[in-house]
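What follows is calculated from the coordinates using simple rules that are stated; it is not laboratory data. None of the values given here were measured: they were computed from a predicted structure. Methodologically, a virtual Cβ is constructed for each residue, glycine included, from the backbone with ideal geometry; neighbour enumeration extends over all protein chains shown.
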Amino acid sequence: MVIVLLLVGLLVVGGIIGGIVALVRRQHYIDSIRRRGWTFVNTPAWDSVARLGNPPFGIGFDRKPDDQISGVTTAGRPFQVIEYASTYWSGWVGMVTLSRRLPELWITGGETRPRYGVRATAVPAPAELGPGWQVGVTDPAFAAEVLTPQLSAQLTALAAGQPGVNLSIDGDQLVVLDPPRKDLEKLGPWLDQVAAVAAAIDAVPLDQWRQPEPPARLTFYQHPDWYWVGVDDSLLQVTPVNRGGHDHRTSDVVRGQDAGGPPFVAFEHHWKTTRTETYTDSEGRTQSRTVVESHSEPVLGFQLPIRMPRLQVGRKGLSSGISFESAEFNKRFAVNSPDQKFAYDVMHPRQMEYLMANPPASFSIEEDWAWFSPGEHSQPAIAHSSEFIRGFLSRVPRFVWRNLGLPDSPYPALETSPPR
């Protein structure tokens, strides 16, 4: 017993000493940063990453910036090195400032894989880079202008100092993953090399590609008009949430709109229920206890331009719904409405084909809102329903909108394909 206590004591003392050593090393590291004229922030505010919208930023609801180093490079270009974590990625990111806000550009070299969530068009990498490089953009014409021999030379030099390069343009920031942040003797030269890459981009006449300054708020990748709210419990009074139980609250509230589509609100609704249950204890006596259970549900609604008759669309279940001329559609979907003429007008053959090709989450039109049951509160779920409802509304005939009181369809037919 004495030996066990002695071992426990040694472990405790060892843990304390280890913690002290770690604190001393961290403080020495921070002091070294400051001696270089740089700034260290232990817990940076959201505005440190708010203007960044491309992966690893702009993805998911849970985003956490941490230790931040900032300053200027030898050439006087502002930089930031920051630890960042989300639901989908965690690690360190380094970035330097460009002279203009530019479109997305993704360049990877070596063994580096493209970042999670990126949606870009692959274009051939410049021949000067050699094998193993990948380039992605949203507009190939931009890549044709920005990928100069001078840029390739600087990328090659950057790659010589690390095993792989994972670089992107995010607005007016040139972002590179995995900076050598532990070794400050290497970090300074590395930042200077990234700045040289930025200078090669700035040297190209790209003013025609200049992007507008975004609002100062937390945004979402490739959804510039979405924005983070966080908490807004007033929504519980005006949305069709479960009203049983107690301690109702909202979290991860997002508002926004996609191009040409209706505005939306999305959030997670949390509440609790309390019940009393009886049980038999170890001595055979009947006892009672109070059980508190936590619940949550995703809420997603799109605001319509005018009130519409009630219309419910869901997967085929116990409800048979209104019968339409398509037997295949009737097998897969149940549509209900107190106004059957409205249902037949809206669910015409092209509309039914659209739903069968792109099955949505169940939804219900209630006055001037379309409420979805997405199954989860997530960025992809919102995006899919947003794209779907835009396509659905664009297929509502013009005479229906006119009968409702509008001069024409507020959602012209889309030229692009429906949701993937």
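In this label model, N403 and S90 are separated by 5.6 nm, measuring between points 7 Å along each Cα→Cβ vector. Counting Lys and Arg as +1 and Asp and Glu as -1 over every other residue whose Cβ lies under 15 Å from the Cβ of A200, the net charge comes to -2.
Structure remark: mean-square fluctuation, Gaussian network model of the chain, C-alpha springs under 10 Å; the largest value among V265, V241, V253 belongs to V241. Once the Cβ-Cβ distance of R210 and S326 is raised to the sixth power relative to R0 = 60 Å, the FRET efficiency obtained is 0.75.
As a rough footprinting exposure proxy, the listed residues E325, E366, E111 were ranked by other beta carbons within 10 Å of their own, and the order from fewest upward is E111, E325, E366. Placing unit charges on the Cβ atoms of the charged side chains and taking the dipole of the chain about its Cα centre, the candidate lying farthest along the positive direction among P103, A153, P65 is P65. With the charge dipole of the chain set up from +1 on Lys and Arg Cβ and -1 on Asp and Glu Cβ about the Cα centre, the Cα lying farthest toward the positive end among the listed residues Q134, L23, S86 is that of L23.
Can you bin the chain into rounded, prolate or oblate? Criterion: square roots of the alpha carbon gyration tensor eigenvalues sorted a ≥ b ≥ c, rounded for a/c under 1.5, prolate for a/b above b/c, oblate for the rest. Oblate, since a/c reaches 1.5 and b/c is not below a/b. Here's the list of lysines a cross-link from K341 could span, going by alpha-carbon distance under 29 Å and ignoring same-chain residues fewer than 8 apart: K316, K331.
Seen from F392, the other residues with C-beta closer than 13 Å to its C-beta sum to a net charge of +1, counting Lys and Arg as +1 and Asp and Glu as -1.
For the options V96, V400, V175, a Gaussian network treatment of the chain with springs between C-alpha atoms closer than 10 Å singles out V400 as fluctuating the most.
Each residue, L23 and I306, gets one label point 7 Å from its Cα in the Cβ direction; the gap between the two is 6.9 nm. Placing a label point 7 Å from the Cα of D339 along the Cα-to-Cβ direction, the residues of region 369-396 whose backbone N falls under 13 Å from that point are 369. Basic side chains Lys and Arg get +1 at the Cβ, acidic Asp and Glu get -1 at the Cβ, and with that the dipole of the chain about its Cα centre reaches some 280 debye.
Please report the relative contact order for the chain, taking Cα pairs under 8 Å with a sequence separation of at least 6, and give it as a percent rounded to a whole number. Rounded, it is 11 percent for the chain. This ranking places D233, D202 by how few other beta-carbon atoms lie within 10 Å of each, fewest first, which gives D233, D202.
For the pair N242 and T290, label points projected 7 Å from Cα toward Cβ lie 2.0 nm apart.
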